[in-house]
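The values are calculated or read from the model by the stated rules, or taken from the named source; none is laboratory data. Not measured: the values here are computed from a predicted model. In this analysis, Cβ positions are derived from the backbone assuming ideal geometry, glycine residues included, and neighbour counts consider all displayed protein chains. Accessible surface areas use protein heavy atoms only, side chains included; no ligands, DNA or RNA. Shrake-Rupley method; radii C 1.70, N 1.55, O 1.52, S 1.80 Å.
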Amino acid sequence: MKTPSPGIMAAGLIGLTGIILVSIGAPSSRKAPAPISETSEPAPPTSVSARGFSLASTSVDLPVDEATYPDGPHANVINANCTSCHSASMALTQPSLSADQWKATVTKMRKVYKAPVAEKDVDAIVAYLIAMPSQKAAPATGKAQDPDPKAAPGVSGGTG
Ligand code: HEC
């Protein structure tokens, strides 16, 4: 078979592109996806039963999992320094600690876990931490976690 000339191949390609474009349709001819419902009410439980099986859908309350620190003085500093390894809930769910205990925790993040936090940002971060609503709810009598663990937890999933 004779190879078609480049001109014929180009014409064929253009024709094919035209057919594809027509079958896709103009952008305006497509229907917009239904907007995501913004109701905060959980849907009432529903269930289906058939042949002795019952499937029920319920809603569950998941534990706090805030990725970033809520707005407040120095929130930008703590968000810039403290959200790369773990979410904000790690600090938001701690018991009420004193400023010294928080400072020791931040020092542990820097020295033991190698968090790249500049010395000059430490005071602003500690100020944010002690002002968190979860901290003010109770007197600072909580027990900080091991302030000197020597090494970061392993990533191997081992038991040691
Ligand atoms: C380099 C990674 C890294 C960065 C950045 C980091 N952390 Fe951590 N953080 C860790 C690790 C690792 C743990 C321990 C997790 C575990 O024990 O499972 C931890 C645990 C914690 C805990 C739990 C209590 C404790 O004492 O272990 C708090 C609170 C915390 N971090 C706060 C912070 C704050 C505040 C910052 C910003 C100054 C920060 N982290 C930045 C790695 C980091």
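General remarks:
- When the chain is treated as a GNM with alpha-carbon contacts under 10 Å, the residue of 142, 15, 72 showing the greatest mean-square fluctuation is 15.
- Loop-located chymotrypsin sites (Phe, Trp or Tyr not before Pro) in segment 58-149 (DSSP state other than H, G, I, E, B) with a sparse environment of at most 14 neighbouring Cβ atoms within 10 Å: 113.
- Karplus-derived 3J(HN,Hα) values for segment 69-74, using 6.51 cos²θ - 1.76 cosθ + 1.60 with θ = phi - 60°, are 7, x, 3, x, x, 6 Hz; glycine and proline are entered as x.
- For segment 103-112, putting each phi into the Karplus relation 6.51 cos²θ - 1.76 cosθ + 1.60 with θ = phi - 60° gives couplings of 4, 5, 5, 5, 4, 4, 4, 6, 7, 8 Hz, in residue order, rounded to whole numbers and with x for Gly and Pro.
- Residues with amide H under 5 Å from that of residue 113, placed H, sequence gap 5 or more: none
- Segment residue 151-residue 11, extension gain: residue separation times 0.36 nm, minus the distance between their alpha carbons: 43.7 nm
- Among 77, 117, 60, the largest mean-square fluctuation in a Gaussian network model of the chain, built with springs joining Cα atoms closer than 10 Å, belongs to 60.
- Per residue, in Å², the accessible surface of the chain once ligands and nucleic acids are set aside, probe 1.4 Å: 78
- Counting lysine pairs in the chain that sit 8 or more residues apart in sequence, or on different chains, and whose Cα atoms lie under 21 Å apart gives 13.
- For the chain, the ratio of Cα radius of gyration to the globular rule of thumb 2.2 N^0.38 Å stands at 1.90.
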